[in-house]
Amino acid sequence: MIPIIILAAGMSTRFPGNKLLYNVKGKPLIRHVVESALNSKADEVLVVLGYKSEEIAKVLVDYDVVLIYNPEYEKGMSYSVKRGIRAVYKWANAAIIHPADVAFIPSIVFDRVIDEYKEKQAPIVVASYRGERGHPILFSHELFGEILKISEETFGLKSITRKYRDKTLVVNTDYKEVVVDIDTIDDLKKLGLL
């Protein structure tokens, strides 16, 4: 069992308003990534909410996703990561932890990461584009205990990806979207989405 945990609790400090609610190609940004996750081979999609959680929940009301609220979202992303992992700890063999602002990942990329994990059982599987590692990133259940101990002070999940860098399976893709996150309006303009 492999779920996708989408991190959607951040405060969009570099964006006018909540970027996840910003309308891109006729729908809020968050719906792009959630639809892609739902169309993948993942067994379940969970969305961790925090900032403006009620507004985001409203735009996801017609999707088959599990919503999790992180009351500590202001403390940083590591708190959302841990909320998500706790929710799947007992039943998931591995989990993809994915930031919602890496919003245009095609379903096929999620599928390739899942397939590579099932075949090779690496502790971490990550998608890349032209040699640059990006998202999605899958973590095996064997790392869940360590993930639950991450903190903002130790740079969150980066401490885990650094520790296991040499054991990470890198899946090369032809999709630039794996290395593109949306932080500002200019990021959308560069992609030709505005």
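Quick look at the numbers
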| quantity | calculated |
| --- | --- |
| Pair list, Cβ < 6 Å and 6+ apart or interchain, from segment 1-23 residues that are farther than 27 Å from Val126 by Cα and part of a strand (DSSP E or B) to residues that are at pLDDT below 90 and of a type in the set (Val, Ile, Thr) | none |
| Residues that are under 19 Å from Asn18 (Cα atoms), within 18 Å of the chain's Cα centre (by Cα) and either among the aliphatic types (A, V, I, L, M) or not in a strand (DSSP E or B) (or both), drawn from segment 37-58 | Val47, Val48, Leu49, Tyr51, Ser53, Ile56, Ala57 |
| Filter result for the condition that a residue is under 24 Å from Thr184 (Cα atoms) and not aromatic (Phe, Trp, Tyr), over Ile56, Ile96 | Ile56 |
| Some residue of segment 73-88 being surrounded by 20 or more Cβ atoms within 10 Å (Cβ to Cβ), within 23 Å of Leu191 (Cα to Cα) and either at pLDDT below 95 or touching a Leu at 6+ places or on another chain (Cβ under 9 Å) (or both) | no |
| Members of segment 111-169 found to be hydrophobic (A, V, I, L, M, F, W, C) and more than 20 Å from Leu7 (Cα to Cα), listed by number | Ala122, Leu169 |
| Residue within segment 91-108 that is of a type in the set (Asp, Glu) and either under 21 Å from Leu49 (Cβ atoms) or under 17 Å from the mean Cα position of the chain (by Cα) (or both) present | yes |
| Answer from Ile114, Ile85 - the residue that is in contact with a helix residue (DSSP H, G or I) (Cβ under 6 Å, 6 or more places away or on another chain) and either in contact (Cβ under 8 Å) with a residue 60 or more places away in the chain or assigned to a helix (DSSP H, G or I) (or both) | Ile85 |
| Check on Ala103, outside any helix (DSSP H, G or I) and modelled with pLDDT of 95 or more | no |
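The values are calculated or read from the model by the stated rules, or taken from the named source; none is laboratory data. It should be emphasised that the depicted structure is a prediction, and the values quoted were computed from it without experimental measurement. Cβ: placed from backbone, ideal geometry, glycine included. Neighbour counts: every protein chain shown.
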